[in-house]
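A.B. asks: Could you have a look at this structure, given as structure tokens, before my questions?
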Amino acid sequence: MKITQLDTPALIVDLDILEQNLSGMQKRINQLGLALRPHTKAHKIPALAHMQIAAGAIGVCTSKLGEAEVMVEGGVNDVLITTPIAGETKTKRLVDLCLNHPNTTIRQVIDHAYHVDIIGKYASQNGIEIGLLVEVESGQERCGVNADQALIELINHIKTTEGVRYDGIQAYSGHLQLIKGYEKRQRAAHDAVDSLFTFIETALKPQGLAPKIISGAGTGTYQAHSAHAYTEVQAGSYLFMDSTYTAIGDENNEDTNRQFSSALSVLSTVISHPSSGRAVVDAGMKSLSIDLGMPKVREHSDTVTYKCGGDEHGILLIEQGKSPYEIGQVISLIPSHCDTTLHNFDVLNAVRDGEVIHQWRIQGRGRSD
Ligand SMILES: Cc1ncc(COP(=O)(O)O)c(C=O)c1O
């Protein structure tokens, strides 16, 4: 099928760019002597996870248990769930997933004795052991235990509880990923976890509590930790790169990240053109998320801006002069946030040279359970 035959709004990924981003990040992580465990919250598609693993990733991350079920059932054999879970229903699902896939490595992030007790209880009742990573507070003030006596006590609690295993630590400073300016961002990311790594050396290691795995860092900060012993990087957004991520800059450019390119876009049709300064397209908030700002119009971006027109409408504001649009014309929009835009679609159309090569079902869509 040709891209021109797709109806809109349609989610598109440029396969050439996707492949460059995928292999580019793997190469960079290899050069840093680290391992890559990409976060699949960005794409939620097992086929893409398999491509990342084929390129050298050691496994994947998922945010939620529901996403992990999709990945594991899609044949991915090493998954880290990066958000703590709570409650009997959820815990039993985790145990069931492990029981049903005995040859798959499934690890769960936790930050409290509650998690250790409930996971340990159901895992041991079923004769299995689940590997846990302790999330440590690293400036985001989301989940995470402080790197002090509380961390030591929690690790010791895991080590003395049946059905669970202490595999390591997660430290992800999500609040720093989008800081503009390479040096500033890397310094902030380094400083946010420096005391944790000192604590590992001075307190955990002497007590025999050294973490086997230290997992964290994202697309914006993966270079920050040359002085730190992270064992794996959880970057995810590099695969698609949204316009917000592109604007954070890289080593050589303050304003543009050229390490990775925008691979994801939404095709949308001009459905109305009420005046020379305003055209309306069929992609509103239910197609393009606006939590990180407005999408960018790929062509004519210097004279045309997108404004949200509600759930179903996007408004193109056209500077004085002749409009480049007519009703029925299809345009391409670059999302400001990949993850939340992708989550609006059932299918990701992978395109090369104007041909739709794959139509991947976004199997993890709606699986935030
Ligand atoms: C725990 C965790 N790790 C890794 C990532 C991926 O980071 P990025 O998409 O910035 O590369 C995220 C993204 O939100 C995350 O929540």
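The values are calculated or read from the model by the stated rules, or taken from the named source; none is laboratory data. These numbers were taken from a predicted model, which means no experiment stands behind them. Ideal geometry is used to build each Cβ from the backbone, glycine not excepted, and the neighbour counts take in all protein chains shown. SASA here: full protein model, heavy atoms, side chains in, ligands and nucleic acids out. Shrake-Rupley method; radii C 1.70, N 1.55, O 1.52, S 1.80 Å.
A.B. asks: Tally up the residues in segment 316-340 that are in contact with a Ser or Thr (Cβ under 9 Å, 6 or more places away or on another chain) and either closer than 16 Å to T303 by Cα or not assigned by TED's automatic domain parsing to the domain that holds M285 (or both), please.
C.D. replies: Number of matching residues: 13.
Residue-by-condition table, conditions (1) of a type outside the set (D, E); (2) open to solvent by 80 Å² or more (accessible area, probe 1.4 Å):
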position	(1), (2)
G284	yes, no
S301	yes, no
H313	yes, yes
D353	no, yes
R365	yes, yes
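A.B. asks: Something else now. Could you tell me whether V109 is under 26 Å from A203 (Cα atoms) and in contact (Cβ under 8 Å) with a residue 60 or more places away in the chain? Before you say what the answer is, go through the steps one by one.
C.D. replies: Working: under 26 Å from A203 (Cα atoms): yes; in contact (Cβ under 8 Å) with a residue 60 or more places away in the chain: yes.
Judged against the criteria, V109 is a match.
A.B. asks: Pull out all pairs, ordered by first then second residue, where Cβ-Cβ is under 6 Å, the residues are six or more apart or on different chains, the first lies in segment 78-97 and is not assigned by TED's automatic domain parsing to the domain that holds V233, and the second is aliphatic (A, V, I, L, M) and in a helix (DSSP H, G or I).
C.D. replies: Going by the 6 Å Cβ cut-off, there are no qualifying pairs.
A.B. asks: Also, I was wondering about something else. Name the single residue that is nearest to G220 (Cα to Cα) among those in segment 29-58 being of a type in the set (S, T, N, Q) and crowded, with 23+ Cβ neighbours inside 10 Å.
C.D. replies: Filtering segment 29-58 for residues that are of a type in the set (S, T, N, Q) and crowded, with 23+ Cβ neighbours inside 10 Å, the one nearest to G220 (Cα to Cα) comes out as T40.
A.B. asks: Right, next: Check whether at least one residue in segment 260-276 is within 21 Å of the chain's Cα centre (by Cα) and surrounded by fewer than 16 Cβ atoms within 10 Å (Cβ to Cβ), and report yes or no. Working first, answer last.
C.D. replies: Here is the first cut: in segment 260-276, the ones within 21 Å of the chain's Cα centre (by Cα) are 260-266.
Cutting the leftovers down to surrounded by fewer than 16 Cβ atoms within 10 Å (Cβ to Cβ) gives us none.
No - not one qualifying residue is present in segment 260-276.
A.B. asks: Taking D291, is it more than 10 Å from the ligand (Cβ to nearest atom), over 12 Å from L316 (Cβ atoms), more than 17 Å from the chain's Cα centre (by Cα) and surrounded by fewer than 20 Cβ atoms within 10 Å (Cβ to Cβ)?
C.D. replies: Here the answer is no, as D291 does not meet what is asked.
A.B. asks: Moving on to the next point. Got at least one residue in segment 195-206 being in contact (Cβ under 8 Å) with a residue 12 or more places away in the chain and open to solvent by 50 Å² or more (accessible area, probe 1.4 Å)?
C.D. replies: yes
A.B. asks: I need the full set of residues from segment 29-63 which are in a helix (DSSP H, G or I), more than 18 Å from A229 (Cα to Cα) and of a type in the set (V, I, T), in order please.
C.D. replies: T40, I53
Conditions (1) within 14 Å of the ligand (Cβ to nearest atom); (2) open to solvent by 10 Å² or more (accessible area, probe 1.4 Å); (3) of a type in the set (A, V, I, L, M), marked per residue:
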{"residue": "I213", "(1), (2), (3)": "yes, yes, yes"}
{"residue": "A217", "(1), (2), (3)": "yes, no, yes"}
{"residue": "Y222", "(1), (2), (3)": "yes, no, no"}
{"residue": "S226", "(1), (2), (3)": "no, yes, no"}
{"residue": "Y238", "(1), (2), (3)": "yes, no, no"}
{"residue": "D242", "(1), (2), (3)": "yes, no, no"}
{"residue": "I248", "(1), (2), (3)": "yes, no, yes"}
{"residue": "N252", "(1), (2), (3)": "no, yes, no"}
{"residue": "T256", "(1), (2), (3)": "no, yes, no"}
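A.B. asks: Out of everything in segment 8-28 that is among the hydrophobic types (A, V, I, L, M, F, W, C), away from the ligand (no atom under 12 Å from the Cβ) and part of a helix (DSSP H, G or I), what residue ends up being farthest from G220 (Cα to Cα)?
C.D. replies: Initial filter on segment 8-28 (among the hydrophobic types (A, V, I, L, M, F, W, C)): 10-13, 15, 17-18, 22, 25.
The next check asks that each one be away from the ligand (no atom under 12 Å from the Cβ); those that pass are 10-13, 15, 17-18, 22.
Add one more test, that the residue is part of a helix (DSSP H, G or I), and what stays is 15, 17-18, 22.
Details: L15: 22, I17: 18, L18: 17, L22: 15 Å.
By that ranking, first place goes to L15.
A.B. asks: Looking only at segment 1-28, filter to residues that are of a type in the set (V, I, T) and closer than 12 Å to V356 by Cβ; which one of those is farthest from the chain's Cα centre (by Cα)?
C.D. replies: T4
A.B. asks: Just wondering, is there one or more residues in segment 216-228 that are aromatic (F, W, Y) and not in a loop (DSSP other than H, G, I, E, B)? Before you say what the answer is, go through the steps one by one.
C.D. replies: Within segment 216-228, the first condition is being aromatic (F, W, Y), and the residues that meet it are 222.
Filter once more, so that each one left must be not in a loop (DSSP other than H, G, I, E, B): none.
No, segment 216-228 contains no residue that is aromatic (F, W, Y) and not in a loop (DSSP other than H, G, I, E, B).
A.B. asks: Name every residue in segment 1-23 that is open to solvent by 60 Å² or more (accessible area, probe 1.4 Å) and of a type in the set (S, T, Y), in order of residue number.
C.D. replies: Once the filter is applied, which keeps residues that are open to solvent by 60 Å² or more (accessible area, probe 1.4 Å) and of a type in the set (S, T, Y), segment 1-23 yields T4, S23.
A.B. asks: Is there any pair linking a residue in segment 142-164 that is modelled with pLDDT of 95 or more to one that is of a type in the set (F, W, Y), with Cβ under 7 Å and at least six apart or on different chains, and which?
C.D. replies: A147/F199; I155/Y166; I158/Y166; K159/Y166
A.B. asks: What tally of residues in segment 72-100 results from selecting those that are under 18 Å from the mean Cα position of the chain (by Cα), open to solvent by less than 10 Å² (accessible area, probe 1.4 Å) and away from the ligand (no atom under 15 Å from the Cβ)?
C.D. replies: Final tally of qualifying residues: 2.
A.B. asks: Another question, if that's okay. For segment 47-66, name all the residues that are more than 15 Å from the ligand (Cβ to nearest atom) and either in contact with a strand residue (DSSP E or B) (Cβ under 9 Å, 6 or more places away or on another chain) or basic (K, R) (or both).
C.D. replies: A47, I53, A55, G56
A.B. asks: Here is a check on your reading of the model: is G127 surrounded by fewer than 23 Cβ atoms within 10 Å (Cβ to Cβ), within 16 Å of the ligand (Cβ to nearest atom) and not hydroxyl-bearing (S, T, Y)?
C.D. replies: Here the answer is no, as G127 does not meet what is asked.
A.B. asks: Answer yes or no as to whether Q26 is closer than 28 Å to H225 by Cα, surrounded by fewer than 22 Cβ atoms within 10 Å (Cβ to Cβ) and without any contact (Cβ under 8 Å) to a residue 12 or more places away in the chain.
C.D. replies: So Q26 does not fit the description; no.
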